[in-house]
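**Q** Dumping the structure here so I can ask a few things about it.
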Amino acid sequence: QSKLDNPSTTSGVVGRMLLEVLLFRSLFSNTKFELREGPKIAYGSTKWLWLGGLAFHWSFLVVLIRHLRLFTEPVPAFLMNIEALDGFLQVGIPGVLISGVVLLLAVTYLFLRRVFIPQVRYISLAADYFPLFLIMSIAITGILMRYILRVDLVSIKALTIGLVSFNTKIPEGISVIFYIH
């Protein structure tokens, strides 16, 4: 018996669930097939889809966790550590945060996959494209705010702290790109 493919114990079920939730195990072991000349079926790997999905979800999680610093005062040490790990390359000023770039690349890959693979394009609906466009636009505006169109972080933090404490006051000097983001 395979303890993870067909678990019969609680620990086996928990292990299988953790592998599925954290590493998309079923997508990793999934295969695609296509009909070739004659009645031949060819099997292929979906490792690129697995890697794109894994990169997308984990980078999105890191970006969301990093944004918690806007809603807390003082900023907890673990959030500062996550940001330091995320920007460990220290390329440029401000330092490039890897998770934002990986998020944009992963969501672009998932979108292009829907556009260029005929079988996936055939089963895709408008509702499948909308979340990809939404997340892509959020990532692009976030990157624009961080590296190109500088925004007033003090005013933004004052706004977000006001939202959390239900004492909202809209400070002056917040750029339009922030509201688009």
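The values are calculated or read from the model by the stated rules, or taken from the named source; none is laboratory data. Computed from a predicted model, the values in this text were never measured in an experiment. As a convention, Cβ positions derive from the backbone with ideal geometry for all residues, glycine included, and neighbour counts pool all protein chains shown. For accessibility, only protein heavy atoms count, side chains too; no ligands or nucleic acids. Shrake-Rupley method; radii C 1.70, N 1.55, O 1.52, S 1.80 Å.
**Q** Looking at segment 82-101, I want the residues that are open to solvent by 20 Å² or more (accessible area, probe 1.4 Å) and at pLDDT below 85 and have a partner that is of a type in the set (Phe, Trp, Tyr) and not in a helix (DSSP H, G or I) with Cβ atoms under 7 Å, at least 6 apart or on another chain. Which pairs are those?
**A** Final answer for the pair search is none.
**Q** Could you go through segment 16-26 and let me know if any residue there is in contact (Cβ under 8 Å) with a residue 24 or more places away in the chain and under 18 Å from the mean Cα position of the chain (by Cα). Even if it seems obvious, please write down each step before you answer.
**A** First, the residues of segment 16-26 that are in contact (Cβ under 8 Å) with a residue 24 or more places away in the chain: 23-24.
When the remaining residues are screened for being under 18 Å from the mean Cα position of the chain (by Cα), the result is 23-24.
Within segment 16-26, one or more residues are in contact (Cβ under 8 Å) with a residue 24 or more places away in the chain and under 18 Å from the mean Cα position of the chain (by Cα).
**Q** Leu134 fails exactly one of the following numbered conditions: (1) at pLDDT 90 or above; (2) in a helix (DSSP H, G or I); (3) loosely packed, with under 11 Cβ neighbours inside 10 Å. What is the number of that condition?
**A** (3)
**Q** Pull up segment 148-160, narrow it to residues that are farther than 18 Å from Leu64 by Cα and in a helix (DSSP H, G or I), then point me to the one that is least open to solvent (accessible area, probe 1.4 Å).
**A** Within segment 148-160, the first condition is being farther than 18 Å from Leu64 by Cα, and the residues that meet it are 148-152, 154-155, 158.
Keeping just the survivors that are in a helix (DSSP H, G or I) gives 154-155, 158.
Working: Val154: 113, Ser155: 13, Ala158: 54 Å².
Top of the filtered list is Ser155.
**Q** Do we have any residue at all in segment 52-72 that's out of contact with any Gly (no Cβ under 9 Å at 6 or more places or on another chain), open to solvent by 50 Å² or more (accessible area, probe 1.4 Å), of a type in the set (D, E, K, R) and within 22 Å of Ile138 (Cβ to Cβ)?
**A** Within segment 52-72 (the criterion being out of contact with any Gly (no Cβ under 9 Å at 6 or more places or on another chain), open to solvent by 50 Å² or more (accessible area, probe 1.4 Å), of a type in the set (D, E, K, R) and within 22 Å of Ile138 (Cβ to Cβ)), the answer is yes, since at least one residue qualifies.
**Q** Here are some conditions: (1) modelled with pLDDT of 90 or more; (2) open to solvent by less than 100 Å² (accessible area, probe 1.4 Å). Lys47 meets all but one. Which one does it not meet?
**A** (1)
**Q** Ile143 is checked against (1) open to solvent by 80 Å² or more (accessible area, probe 1.4 Å); (2) closer than 18 Å to Arg69 by Cα and fails just one. What number does that condition carry?
**A** (1)
**Q** Still on this structure, please answer the following. Any residue in segment 122-129 that is among the charged types (D, E, K, R), assigned to a helix (DSSP H, G or I) and over 30 Å from Ala84 (Cβ atoms)?
**A** Scanning segment 122-129, I find at least one residue that is among the charged types (D, E, K, R), assigned to a helix (DSSP H, G or I) and over 30 Å from Ala84 (Cβ atoms), so the answer is yes.
**Q** Could you tell me which residue of segment 7-44 is modelled with the lowest pLDDT, considering only residues that are of a type in the set (Gly, Ala, Ser) and open to solvent by 70 Å² or more (accessible area, probe 1.4 Å)?
**A** The residue in question is Ser29.
**Q** Show the residue pairs meeting these rules: Cβ distance below 8 Å; 6+ apart or different chains; first residue within segment 1-15 and within 19 Å of Ser29 (Cβ to Cβ); second residue assigned to a loop (DSSP other than H, G, I, E, B).
**A** Gln1/Ser8; Lys3/Thr9; Gly12/Lys3; Gly12/Leu4; Val13/Pro7; Gly15/Lys3; Gly15/Leu4; Gly15/Pro7
Every residue, every condition in (1) surrounded by 11 or more Cβ atoms within 10 Å (Cβ to Cβ); (2) under 17 Å from Gly53 (Cα atoms), yes or no:
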position	(1), (2)
Arg113	yes, yes
Leu125	no, no
Glu172	no, no
Ile177	yes, no
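**Q** Quickly run through segment 161-181 and pick out the residues that are outside any loop (DSSP other than H, G, I, E, B) and not hydrophobic (A, V, I, L, M, F, W, C).
**A** Gly162, Tyr179
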